[in-house]
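Colleague: Before anything else, here's the structure in question.
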Amino acid sequence: MNGNIRFCPQCATELALIELAEDGGPKQRLRCPACGWTHWNNPTPVLAAIIECTDRDGQVLLARNAAWTGRMFALITGFMEAGESPEDGIRREVAEETALEVSELNLVAVNDFQRMNQVLITYHVKAHGEVRLSPELAEYKLFAPADIVCWPAGTGFALAQWLRGRGVEPRFMELPKRP
């Protein structure tokens, strides 16, 4: 089932795919046949940071998530909290996950990541300080922009866009095929 929800949170009836007319025409969604509750399954906003370390010759910090089995390094990401702006959220995420202090941020891109039902909001962040990783992250590496190899998914496309804006033609790694 769509979004891993099977039962209505209002009346506990099993949800069904039901087509109804909406603003843009008929739309099939998980709905409760008893009370009419609709599971909208809207994308979740996720914040991402391309962290340029101003006290480390402008190198970019990429980190490896502690839950990942491989040696993939990527951008710092996190979910936006209720009541905060994307800018406040990315400042919070950078501080929580790296202990770095943000001195400047600029929006790079807003991309969809349909495989995860997310909207990625990516910022270029200038930051400084001593890196202290949260338990969510296993390790980090610093890269000169010209040495970064992007991944052909999610935040990798925003990173490539940022590199192009700096005059660096991005290189992409090949990801293993999903079964």
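Colleague: Does Thr77 meet the test of being over 18 Å from Leu107 (Cβ atoms), of a type in the set (Val, Ile, Thr) and touching a strand residue (DSSP E or B) at 6+ places or on another chain (Cβ under 9 Å)?
Modeller: Values: over 18 Å from Leu107 (Cβ atoms): no; of a type in the set (Val, Ile, Thr): yes; touching a strand residue (DSSP E or B) at 6+ places or on another chain (Cβ under 9 Å): yes.
In short, no.
Colleague: Within the range 158-175, restricting attention to residues that are among the aliphatic types (A, V, I, L, M) and part of a loop (DSSP other than H, G, I, E, B), which residue is surrounded by the most Cβ atoms within 10 Å (Cβ to Cβ)? Before the answer, list the steps.
Modeller: Here is the first cut: in the range 158-175, the ones among the aliphatic types (A, V, I, L, M) are 158-160, 163, 168, 173, 175.
With the extra rule that they be part of a loop (DSSP other than H, G, I, E, B), the set shrinks to 168, 173, 175.
On the way: Val168: 15, Met173: 10, Leu175: 11.
Among those residues, the one meeting the criterion is Val168.
Colleague: Looking at Glu84, Glu52, Glu97, Glu93, which is the one that is surrounded by 13 or more Cβ atoms within 10 Å (Cβ to Cβ) and in a loop (DSSP other than H, G, I, E, B)?
Modeller: Only one candidate passes the filter, namely Glu84.
Colleague: Please determine whether any residue of the range 56-72 is hydrophobic (A, V, I, L, M, F, W, C), part of a loop (DSSP other than H, G, I, E, B), open to solvent by 70 Å² or more (accessible area, probe 1.4 Å) and more than 20 Å from Trp162 (Cα to Cα).
Modeller: Yes, because at least one residue in the range 56-72 is hydrophobic (A, V, I, L, M, F, W, C), part of a loop (DSSP other than H, G, I, E, B), open to solvent by 70 Å² or more (accessible area, probe 1.4 Å) and more than 20 Å from Trp162 (Cα to Cα).
Colleague: Let me ask something additional. Limited to the range 121-149, what total is found for residues that are open to solvent by less than 30 Å² (accessible area, probe 1.4 Å), farther than 15 Å from Leu100 by Cβ and over 15 Å from the mean Cα position of the chain (by Cα)?
Modeller: Here the count works out to 2.
The values are calculated or read from the model by the stated rules, or taken from the named source; none is laboratory data. As the structure is a computational prediction, the values presented were derived from the model and not from experiment. Cβ: placed from backbone, ideal geometry, glycine included. Neighbour counts: every protein chain shown. When the accessible area is computed, the model is the full protein with side chains, heavy atoms only, and any ligands, DNA or RNA have been set aside. Shrake-Rupley method; radii C 1.70, N 1.55, O 1.52, S 1.80 Å.
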